[in-house]
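Contents: one structure, followed by commentary.
The values are calculated or read from the model by the stated rules, or taken from the named source; none is laboratory data. Quick caveat: nothing in here was measured; it's all calculated off a predicted structure. Backbone-built Cβ (ideal geometry, glycine too); neighbour counts: all protein chains shown. For the accessible areas, the whole protein counts, side chains as well, though only heavy atoms, and no ligand, DNA or RNA atoms are used. Shrake-Rupley method; radii C 1.70, N 1.55, O 1.52, S 1.80 Å.
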Amino acid sequence: MLYVISAPSGTGKTTIRRRIEKIAPDIKYSISCTTRKPRPGEKDGVDYFFLDEDEFRNRISQGRFLEWANVFGNYYGTDRVYVEELVSQGYDVILDIDVKGASQVKARLSELITIFVLPPSMEELKKRLTKRRTESEEALEQRLKGAEKEIMLAPWFDYVVVNDILEEAVNNIISIIKSTRCRKENSRDVLKRFLDLLT
Ligand code: 5GP
């Protein structure tokens, strides 16, 4: 099953991601491609596949992205084949992408489940973004304005999770994924085994 998690910049997406990757090895995050420069500590092939703009545009024209978007002046995109491979290996796959990307994927794949992560408040979001010190003043303002626009679109998502206490947010996301696994349409194999025996 494929999931999209969208969250305004500074909501704590990366921390949530690292925690889920640690405690739920059957859930895989898709690693996106981006033209953004790596932040201190970010590694190529771990946090993102870092590409230059020419290479990114090449891949757009080759149709290699399931979705792509320009976010805050940088390109971000999801490699289609990479995601298909993870799904075919039986993983639940999370796309950690912006709202524009989420709507592109939803238009292509109806079985997608979408989750929006909210900060506890706008004041807290500003505090977290300022504390991170990875953006210039101008970029920070841009990200805050972007956050307001994205939050307006939260009602469009299937689920909303507030990241106030990290462990709670992580548990809520994992619960959404686990309950989806139990839906009857996702339990066909096990149901069939019983029904074949009993009929
Ligand atoms: P950041 O630069 O803070 O890592 O990410 C900025 C924004 O880009 C976030 O909202 C993040 O969800 C989004 N993003 C990251 N990867 C992708 C992607 O592959 N596609 C799209 N559409 N957005 C992405």
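At-a-glance table
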{"read-out": "Other-chain or far-sequence residues with amide H under 5 Å of Phe65's (modelled H)", "value": "Arg80"}
{"read-out": "Where segment 2-198 is the region considered: accessible area per residue in Å², 1.4 Å probe", "value": "58"}
{"read-out": "Surface share of carbon and sulfur [accessible, 1.4 angstrom probe, percent] for the chain", "value": "53"}
{"read-out": "Rounded tilt (10° steps) of 166-181 against the dominant C-alpha axis of the chain", "value": "40"}
{"read-out": "Helix-only mean residue ellipticity at 222 nm for the chain, each DSSP H run of n ≥ 4 adding -39500 (n - 2.57), per residue, nearest 500", "value": "-14500 deg cm²/dmol"}
{"read-out": "Cα-projected label distance for Arg193 with Glu137, points at 7 Å along beta-carbon direction, nm", "value": "6.3"}
{"read-out": "Lys, Arg +1 and Asp, Glu -1 on Cβ, resulting dipole of segment 71-151 about Cα centre, debye, nearest 20", "value": "260"}
{"read-out": "Computed magnitude of the charge dipole of segment 2-198 (debye, nearest 20; Cβ of K, R +1, Cβ of D, E -1)", "value": "280"}
{"read-out": "Long-range HN-HN contacts of Val71 with modeled amide H, under 5 Å", "value": "Tyr76"}
{"read-out": "Entries of Lys22/Lys43; Lys37/Lys127; Lys106/Lys126; Lys22/Lys184; Lys13/Lys145; Lys100/Lys184 with Cα pairs more than 21 Å apart", "value": "Lys37/Lys127; Lys106/Lys126; Lys22/Lys184; Lys100/Lys184"}
{"read-out": "Contour excess over end-to-end distance, with Cα ends at Arg80 and Ile23 and 0.36 nm allotted per residue", "value": "18.0 nm"}
{"read-out": "Interchain or long-range residues, amide H under 5 Å from Ser32's placed H", "value": "Phe49"}
{"read-out": "For the chain: Kirkwood Rh in Å [reciprocal of mean 1/r, alpha carbons]", "value": "18.0"}
{"read-out": "Whole-Å distance, taken between Cα centres, linking segment 114-155 and segment 36-72", "value": "21"}
